[in-house]
Amino acid sequence: MAQMTRFPCRPGTVGARLAGRHAGPAGRLATTTLAAALLTSVVLGPTPAWSQSIPDAAVSAEMREHWGAAAEIYRRALEADPERVDLWRRLSDVLARDGQPVAAAEALDQAVAVEPDEPDMRLAASAAWAQADRPAAALEHCLAAADLAPEDVAILRTCARQANWAGDTAAVAEISGRVHAITGDAADLKAYARALGGMGELEESVALYRDYLAAHPDDPEALLDYATVETWRGNYAVAAEALNHYHDVHGEDDDWAARRARLLAWAHRPTEARELNDELLAANPDDYEHLYTRMLILRGEPRHSEAIAALEPLKRLRPESKDTRDAIRSTHAFLRSNVGIEAGFRDDADDISLRRLAIKGRWSLTPETYLYGRAEHRDIRAKAGSPFVGVEGDTSVDIEQAWVGARHRFSPLLEIGADAGVASIDGGGGDVGLYGLYADLRPLDNLWVDLSATRRVWDISPKSASLGLAMRDHRARIHWQPTLRHFVNAEVAHGRLNDGNRRNELFVNPYRAMLRTERLNLDLGVSAHWQDYDRDLDNGYYDPSNYRRFALTVVGYWKFSDDDGLNVTVSPGWHTDDSLSDYEFGTDVSVELINGIYRDWYSRLSASYSDRSQTTGRYDAYSINWELVRRF
């Protein structure tokens, strides 16, 4: 997805010469400036002594600046002798002076056809096409010249400038690598690292930047660009360290402020980012990078309507940019109306199984307000003779339930919601009223608190469902990011069942971001879980007294793309309750495949296994779940 559009290049794919060239958005040099630079790098040389004479009439017309007449004379001469490279060059020159840059470049193409293996001729054609504002054609000729003179660093540097102008980030990286391989120069190492970052090869770019900064730790350009690449990788803590070092050595300037504001916006620190971004936008209100950061800030606060409005200047300034397109789809994705289906299956060592199928939908009225609904069929089964069959002896109990609700965000600090519905339970369970009340709070940039009060069917087994049991659950979920590397998830809950039982629960999970790379995120942490029921009832669910579990947590996310990935969680640990004499070892494992995070079609397929089960008293359970959503 879009990140900082800085370098000035964005990741693209290798093109015609480098496995299929595709020009991404370029940090564009002015056409005439680049053409002039190219022309000065081309040595055309005098007309060879052995060449045939130039038509006197054409020379006379040139002296009088009758460019059209001179061009016509050269064309007639070339019809008679099309192998005259010198005349093709002169024709190109007069056409350029006559304000016909495309025709001038086409004339040099004819000269190249006569002498295709002359590097200088290729460079002349490259310069002409640059003058005609045709970067792809200019780059093609320059790359051909580089192939003819592969050790000529001057030609390679010219091609790198051309590729950068053309937006061919893959070519920039390939050429920069060739230059560095020839020269071994530190400046070329930095240029190569920069080029690799621009084409999206973030791991290689980071490695080269670290090599360069080991020898040149205070280089301002390298520090800023290294921080930018680390920001793209999501390695916010390391990026912040590089920017802090820049600040200590070079102080505050606009380049530092822009990079730091972008980092803070991505890292969910919108308040601090806004302070920097406000000053930058006041000085440069039409700067794309500052406007892009403003959009990220608004999205992170969150101010949904303002974030959507902030996309408009991006579309105006760079309508075809990949960054702009990615910003549009990622900003809208989670605010769009949608419909979806869910299916799931679970089984455990007590042979209690659940099959479920649901349809759901969301109707977005505004970016801040939406309605939602869900209808679900649940089939809970147990084996005949099991203590978990229904109260009427049923081995299978069906539940039909549905609810509708609404949510509204009043401010960046507060979103509230409510829903209501009903469940119909066969096997003697009757009808059960359902409700949910929600409040999502953002008291600080780095602190999220989600409060909920819900009433749902307690369908742990056919027995609990057939008894018509329902849980009233009051819960607070907290997510805190004290630093850019450290995080804490916590839950506190109190629940009441309509059989008179009460449950208290606490869960804490501090963890650290160990890896943030182009493809892999890895978090390591610990967790503690406690729950306690007032009474031990024989109503078909696990109701331990003083249950405790302490575990390690390992969470890895493999990024296939911005839209797709694989999440793996492993949590080995030790647990006990009032029925166990000591702690027992057990492990939870889950795998989740995610597709289409920002696309119209979104899906999740997950599988999990646990050799303990908190709800049935047995320590062996697995589940499979699938979700498919279509956004509109």
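Annotation note: Cβ proximity below 6 Å between a residue of the range 378-399 that is among the hydroxyl-bearing types (S, T, Y) and a residue that is surrounded by fewer than 15 Cβ atoms within 10 Å (Cβ to Cβ) (sequence gap 6+ or interchain) occurs for T395/A384.
To keep it simple, each residue is scored yes or no on (1) touching a residue at least 24 places away in the same chain (Cβ under 8 Å); (2) at positive phi; (3) in the same structural domain as A267 (by the TED database).
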site	(1), (2), (3)
P313	yes, no, yes
R316	no, no, yes
P319	no, no, yes
D323	yes, no, yes
I328	no, no, yes
G344	yes, no, no
D347	yes, no, no
I352	yes, no, no
I359	no, no, no
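Please go through the range 266-278 and give me each residue that is part of a helix (DSSP H, G or I) and open to solvent by 10 Å² or more (accessible area, probe 1.4 Å), ordered by number. Scanning the range 266-278 gives W266, T271, E272, R274, E275, L276, D278.
For residues in the range 220-252 being touching a Lys or Arg at 6+ places or on another chain (Cβ under 7 Å) and within 22 Å of D188 (Cβ to Cβ), which is surrounded by the most Cβ atoms within 10 Å (Cβ to Cβ)?
In the first step, residues of the range 220-252 are kept if they are touching a Lys or Arg at 6+ places or on another chain (Cβ under 7 Å); the result is 222, 224-225, 227-228, 231, 233-235, 237, 243.
So of that shortlist, the ones also within 22 Å of D188 (Cβ to Cβ) come out as 222, 224-225, 227-228.
On the way: A222: 22, L224: 20, D225: 23, A227: 27, T228: 24.
Once the filter is applied, the top-ranked residue is A227.
If we scan the range 74-95, do we find a residue that is charged (D, E, K, R), in contact with a Gly (Cβ under 7 Å, 6 or more places away or on another chain) and touching a residue at least 24 places away in the same chain (Cβ under 8 Å)? Within the range 74-95 (the criterion being charged (D, E, K, R), in contact with a Gly (Cβ under 7 Å, 6 or more places away or on another chain) and touching a residue at least 24 places away in the same chain (Cβ under 8 Å)), the answer is no, since none of the residues qualifies. Return the pairs, sorted by first residue and then second, in which the second residue is part of a loop (DSSP other than H, G, I, E, B) and open to solvent by less than 30 Å² (accessible area, probe 1.4 Å), the first residue lies in the range 444-469 and is at positive phi and small (G, A, S), the beta carbons are less than 9 Å apart, and the residues are 6+ apart or on different chains. Partner pairs satisfying both residue conditions: G468/G429. With the structure loaded, tell me whether T47 is under 44 Å from the mean Cα position of the chain (by Cα), among the hydroxyl-bearing types (S, T, Y) and at pLDDT below 90 or whether it fails that test. It is false that T47 is under 44 Å from the mean Cα position of the chain (by Cα), among the hydroxyl-bearing types (S, T, Y) and at pLDDT below 90.
Suppose we filter L291, L298, L281, L243 for residues that are closer than 30 Å to Y212 by Cα, among the aliphatic types (A, V, I, L, M) and either outside the structural domain of L414 (by the TED database) or in a helix (DSSP H, G or I) (or both); which single one remains?
Numbers: L291 fails: closer than 30 Å to Y212 by Cα; L298 fails: closer than 30 Å to Y212 by Cα; L281 fails: closer than 30 Å to Y212 by Cα.
Result: L243 is the single residue among L291, L298, L281, L243 that is closer than 30 Å to Y212 by Cα, among the aliphatic types (A, V, I, L, M) and either outside the structural domain of L414 (by the TED database) or in a helix (DSSP H, G or I) (or both).
Step by step: first the residues of the range 281-307, then only those that are open to solvent by less than 40 Å² (accessible area, probe 1.4 Å), farther than 19 Å from D445 by Cβ and hydrophobic (A, V, I, L, M, F, W, C), then the one that is farthest from the chain's Cα centre (by Cα). Which residue is that? Residue satisfying both the conditions and the ranking: L281. Looking across the range 351-368, the residues that are assigned to a strand (DSSP E or B) and surrounded by fewer than 16 Cβ atoms within 10 Å (Cβ to Cβ) come down to L357, I359, W363, L365, T366. Within the range 568-589, the set of residues being under 17 Å from Y511 (Cβ atoms) and surrounded by 18 or more Cβ atoms within 10 Å (Cβ to Cβ) comprises S571, G573, D588. Among the residues making up the range 128-159, those that are without any contact (Cβ under 8 Å) to a residue 60 or more places away in the chain and not in a helix (DSSP H, G or I) are A132, R134, A149, P150, E151, D152.
A count restricted to the range 377-412 and to residues that are farther than 30 Å from H304 by Cβ, in contact with a Pro (Cβ under 8 Å, 6 or more places away or on another chain) and either open to solvent by 60 Å² or more (accessible area, probe 1.4 Å) or not small (G, A, S) (or both) stands at 7. Residue count for the range 160-195 satisfying the condition of being touching a residue at least 24 places away in the same chain (Cβ under 8 Å) and outside any loop (DSSP other than H, G, I, E, B): 24.
Working carefully through the options P313, P285, P302, P270, find the one that is touching a strand residue (DSSP E or B) at 6+ places or on another chain (Cβ under 9 Å) and of a type outside the set (F, W, Y).
Working: P313 fails: touching a strand residue (DSSP E or B) at 6+ places or on another chain (Cβ under 9 Å); P285 fails: touching a strand residue (DSSP E or B) at 6+ places or on another chain (Cβ under 9 Å); P270 fails: touching a strand residue (DSSP E or B) at 6+ places or on another chain (Cβ under 9 Å).
The conditions single out P302.
Looking only at the range 326-344, count every residue that is farther than 19 Å from P367 by Cα and either open to solvent by 60 Å² or more (accessible area, probe 1.4 Å) or of a type in the set (G, A, S) (or both) and tell me the total.
In the first step, residues of the range 326-344 are kept if they are farther than 19 Å from P367 by Cα; the result is 340-344.
Subset that is either open to solvent by 60 Å² or more (accessible area, probe 1.4 Å) or of a type in the set (G, A, S) (or both): 340-341, 343-344.
Count: 4.
Pairs linking a residue in the range 221-241 that is free of Cβ contacts under 8 Å to residues at least 60 places away in the same chain to a residue that is basic (K, R) and in a helix (DSSP H, G or I), with Cβ atoms under 7 Å and 6 or more positions apart or on different chains, are A222/K190; L224/R259; A227/R259. Just wondering, is there one or more residues in the range 413-432 that are under 25 Å from H304 (Cβ atoms) and touching an Asp or Glu at 6+ places or on another chain (Cβ under 6 Å)? Yes, the range 413-432 contains a residue that is under 25 Å from H304 (Cβ atoms) and touching an Asp or Glu at 6+ places or on another chain (Cβ under 6 Å). Could you list all residues from the range 539-560 that are among the basic types (K, R) and within 30 Å of R516 (Cβ to Cβ)? Result: R549, K559. Charged (D, E, K, R), more than 30 Å from H332 (Cβ to Cβ), touching a residue at least 24 places away in the same chain (Cβ under 8 Å) and in a strand (DSSP E or B) - does that describe any residue in the range 563-580? Within the range 563-580, not a single residue is charged (D, E, K, R), more than 30 Å from H332 (Cβ to Cβ), touching a residue at least 24 places away in the same chain (Cβ under 8 Å) and in a strand (DSSP E or B).
Does D255 count as part of a helix (DSSP H, G or I), open to solvent by 20 Å² or more (accessible area, probe 1.4 Å) and not basic (K, R)? Against the criterion (part of a helix (DSSP H, G or I), open to solvent by 20 Å² or more (accessible area, probe 1.4 Å) and not basic (K, R)), D255 qualifies.
The values are calculated or read from the model by the stated rules, or taken from the named source; none is laboratory data. Here the structure is a predicted model, which is why all the values come from computation and not from measurement. Glycine also receives a Cβ, built like all others from the backbone with ideal geometry; neighbour counts cover every protein chain displayed. These accessible areas exclude ligands, DNA and RNA; they are computed on the full protein's heavy atoms, side chains included. Shrake-Rupley method; radii C 1.70, N 1.55, O 1.52, S 1.80 Å.
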